[in-house]
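These notes concern the structure reproduced below.
The values are calculated or read from the model by the stated rules, or taken from the named source; none is laboratory data. As the structure is a prediction and not an experimental result, all values here were calculated from the model. Quick reminder, even Gly has a Cβ in these numbers, built from the backbone with ideal geometry, and neighbours come from all protein chains shown. The protein model used for the area step is the full one, side chains on, heavy atoms only, and it has no ligands, DNA or RNA in it. Shrake-Rupley method; radii C 1.70, N 1.55, O 1.52, S 1.80 Å.
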Amino acid sequence: MKKGSLVLLMALLFVQLVACERNTLESESPVPSNARTAEEESGSAPSRIETAKTAGIKRKEPTQFTLVNAKSPFVKWRVIPKQVVENQGTKSMVYFQEAGKYRVLAIDSIGTDTAFIDVEISHEIYQRPDYAQKIQQDDELLVTPRALADSARYLDLQLTTRKAYNCTENNLWLKSTKTGSQYECAVEGVDVSLECTPGQVPSKGIFVVGTHISDGTTGNLVISFNGKTYKGTFTRTGRGYTFNWPYESGVIFTTKSI
């Protein structure tokens, strides 16, 4: 047999062995267990899947899985029996729709690593908690104006609280309106748009003042925060903006010109 044919035959045999290994992983009946991984490659730690819990997960509860020691940011996630998976690279989010046992697999795009973990879903349906929070009485709001580098017609205000609030994904709940040359923003509170990761961070939001502000425009700014109303003005001159804001507490501009 020629040398080239021998090399080709060996390569085909290797591919077939890898495919058989993956088929075996996917065909086994899921049994609740701790994280399980592919065989360790020489000189590198094995990949494994981590999640907060493997049993007692509720139906439709957002459940995140993380591939640890991934060799690439590109990972293919699968669930058996099939579920809808939000692929987030080395992380994934799964909302299991029915009770039962499931196997979650992560296939690394580099090499042949396939890690899997088994989970069990209860019959109970997940109820999203209420993450709404009130503004703390002694809090202050920091305001940083911003215009786009390629369009001075756009102006927004980056809003950040001094105090920290629950959930690392929290954001300011804003209500904005425009009446003539008056631009108003009311900070209604703090909320979480999706799910809550434990922790406390300052809350942020963006008040888009306008997207078509002409050169020479002067407008009135009104910001309601923590039961008080603050008023000032802004003027666009050329590609820049100046702000007349007389307050040094409550709602504070970090800069009065951009």
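Miscellaneous remarks
- Cβ pairs under 9 Å, 6+ apart, first in the stretch 229-258 and at positive phi, second surrounded by fewer than 15 Cβ atoms within 10 Å (Cβ to Cβ): Gly238/Asp215; Gly250/Lys228
- Residues of the stretch 186-198 that are modelled with pLDDT of 95 or more and either β-branched (Val, Ile, Thr) or at positive phi (or both): Val187, Gly189, Val190.
- Scanning the stretch 79-120 for residues that are without any contact (Cβ under 8 Å) to a residue 40 or more places away in the chain, in a strand (DSSP E or B) and charged (D, E, K, R), we see that the one that is surrounded by the most Cβ atoms within 10 Å (Cβ to Cβ) is Lys91.
- Among the residues of the stretch 145-176, those that are β-branched (Val, Ile, Thr) and surrounded by 14 or more Cβ atoms within 10 Å (Cβ to Cβ) comprise Thr160, Thr161.
- Subset of the stretch 200-232 (residues that are of a type in the set (S, T, N, Q) and surrounded by 14 or more Cβ atoms within 10 Å (Cβ to Cβ)): Ser203, Thr217, Asn220, Ser224, Asn226
- The set of residues in the stretch 177-199 that are in a strand (DSSP E or B) and either surrounded by 12 or more Cβ atoms within 10 Å (Cβ to Cβ) or among the basic types (Lys, Arg) (or both) comprises Lys178, Gln182, Tyr183, Glu184, Cys185, Ala186, Val187, Glu188, Gly189, Val190, Asp191.
- Within the stretch 45-59, residues that are among the basic types (Lys, Arg) have Cβ atoms under 7 Å from residues that are open to solvent by less than 50 Å² (accessible area, probe 1.4 Å) and in a strand (DSSP E or B) in these pairs: Arg48/Val68; Arg48/Ala115; Lys58/Ser122; Arg59/Ile121, counting only partners at least 6 apart in sequence or on another chain.
- Filter pass, Glu50 being among the acidic types (Asp, Glu), surrounded by fewer than 16 Cβ atoms within 10 Å (Cβ to Cβ), modelled with pLDDT of 50 or more and farther than 13 Å from Asp118 by Cβ: yes
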